[in-house]
1. So how many residues does the stretch 19-41 have that are under 14 Å from the mean Cα position of the chain (by Cα) and in contact (Cβ under 8 Å) with a residue 40 or more places away in the chain?
2. Yes or no: the stretch 10-31 includes at least one residue that is modelled with pLDDT of 55 or more and of a type in the set (V, I, T).
3. Could you tell me whether G51 is in contact with a Leu (Cβ under 9 Å, 6 or more places away or on another chain) and of a type in the set (G, A, S)?
4. Out of the stretch 75-84, which residues are surrounded by 11 or more Cβ atoms within 10 Å (Cβ to Cβ) and under 19 Å from the mean Cα position of the chain (by Cα)?
5. Of the numbered conditions (1) of a type outside the set (K, R); (2) touching a residue at least 40 places away in the same chain (Cβ under 8 Å); (3) over 19 Å from G40 (Cβ atoms), T110 fails exactly one; give the number of that condition.
6. For L107, state whether it is at pLDDT 95 or above, aliphatic (A, V, I, L, M) and loosely packed, with under 13 Cβ neighbours inside 10 Å.
Amino acid sequence: MQPKSTLSLQQKAERRSKARYPLRLGVRYRTLSSGPAFVGVGRTVNMSSCGLLIATEEAKFPAGARLQLAVEWPFLLHGTTPLQLVVSCRVTRCDPEEFAVKLDQYLFRTTKR
C-alpha cells in the first residue's frame, strides 16, 4: 500500500463515489450565510451529481459557508430557450484559486436571450 502523500491525483479521483465531468461553464455566486454578503463570478472546473469545483480569483469562503450559484447551462430548452442551473450548496473546501461545494438543492430556470 502506498503512503497517502504519494497517491496520484487520478488515484484520489477514483476514490470519489460520483463521477466528475470536466465542464467549463460560467458561474455567478452569492453567500447565503449570515454576515457580510459576498457576490462573485467564476467558471466550473468539474461537476458531479452532488458537487462542483469552481475556479475564481475572488472567493475566500470558510468550510460550511452557504452559497447560491447560477450556472450557465450549455443546452437550450426545446432548442430555443437558454437555461441556468440554480444551486443551493455548502462550501467543502476553499483554495486560493478555486473552491468546492456540495449540492443541497438545485433547479433549472429559464433565462432571457
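1. Result for the stretch 19-41: 6.
2. Checked against the condition, which is being modelled with pLDDT of 55 or more and of a type in the set (V, I, T), the stretch 10-31 yields at least one hit.
3. Numbers: in contact with a Leu (Cβ under 9 Å, 6 or more places away or on another chain): yes; of a type in the set (G, A, S): yes.
Judged against the criteria, G51 is a match.
4. Keep residues of the stretch 75-84 that are surrounded by 11 or more Cβ atoms within 10 Å (Cβ to Cβ), which gives 76-77, 81-84.
Correct list: L83, Q84.
5. Result: T110 passes all but (2).
6. Working: at pLDDT 95 or above: yes; aliphatic (A, V, I, L, M): yes; loosely packed, with under 13 Cβ neighbours inside 10 Å: yes.
When the stated conditions are applied, L107 passes them.
The values are calculated or read from the model by the stated rules, or taken from the named source; none is laboratory data. These figures come from a predicted structure and were not determined experimentally. When we count neighbours, we look across all protein chains shown, and the Cβ atoms used for this are built from the backbone with ideal geometry, even at glycine.
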